[in-house]
Structure formats: structure tokens, C-alpha cells
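Every number in this text was worked out from the coordinates using simple rules, so none of it is lab data. Just so it is clear, the structure is predicted and the values come from calculations on it, not from any experiment. No Cβ is skipped: glycine too gets one built from the backbone with ideal geometry, and neighbour counts run over all protein chains shown.
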Amino acid sequence: MTDPDPIARALDVSAWLRVRHLAATQPNIDAAFRALADDDHIPAAPNPYEQGLKTLRAATATDASRFEDEWKASRLRELEATRTALDAETPEPRLTTAELAEWTPPNAYAAGIKALQMKEHK
């Protein structure tokens, strides 16, 4: 079978999108081509970005980047395992209601204020 006229194919896709009130985005166009291909045995639309993205991904996937990704993943697993082990080992301290009523939080400024007051009274 020969390829149909590209203009006729584009018009068919446009009509398919218009009937369904869809925007002309790449995923919608691909869906239209697939739907029309199922009906008329028309090949799907080529993705103009696919080859460039494959090339870019292959170029940026160096040994260093692969090592970095693997190291990050293993380090995060180790950190999570350590945290889980420490949490299981030492439970958080809890105060009873009576202890909480008597407890006052430490005042980090008390020593400095007392020193200033002593200095003023001299």
C-alpha cells in the first residue's frame, strides 16, 4: 500500500482532533494518528524529538553520572537503614503528666542576663 497524501492525512488528523475538542498537542496528534492508523492502516506520525532525546540521553549518561546515581541510591539506603536501626534501638523519652507539670524548659539566656545584671550593680 502506498502512503496517503500527507496533506490529506494532516487534514484527517485535524478533523479527528476537532470532533473530539482536543488541542493540537503532540500526545493528542499521536493518538489521532494511531486511531486513524487502526481505521485506515496509516502509519503513526513520526516523533521529531525522539532521536534527539535518545542521543542527548546517551551523551549525558557518562560513567561518572551513572556512578553518582548509584552512589546516591546506595547512600540513601544506608541512611534509611541506620535511621531505622537507631529508632528501634533507643525509643523516644516520654514524660508522664505529673513530670510534665513539674518540668520547666531550660532558659538559655538566664546565665547571660544574670551576668549583665551583676555587671550593672557593681
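What to note about this one:
- Of all lysines in the structure, those lying under 24 Å Cα to Cα from residue 114, and not within fewer than 8 positions of it along the same chain, are 122.
- Angle between the chain longest axis and helix 50-60 axis [Cα atoms, degrees, rounded to 10]: 40 degrees
- Full extension of the segment from residue 74 to residue 5, taken as 0.36 nm per residue of separation minus the current Cα-Cα distance, would add 19.5 nm.
- Across the options 117, 17, 88, the greatest Cα extent toward the positive end of the charge dipole of the chain (unit charges at beta carbon of Lys, Arg, Asp, Glu) belongs to 117.
- Cα-based helix-to-principal-axis angle, 26-40 vs the chain, degrees rounded to 10: 40 degrees
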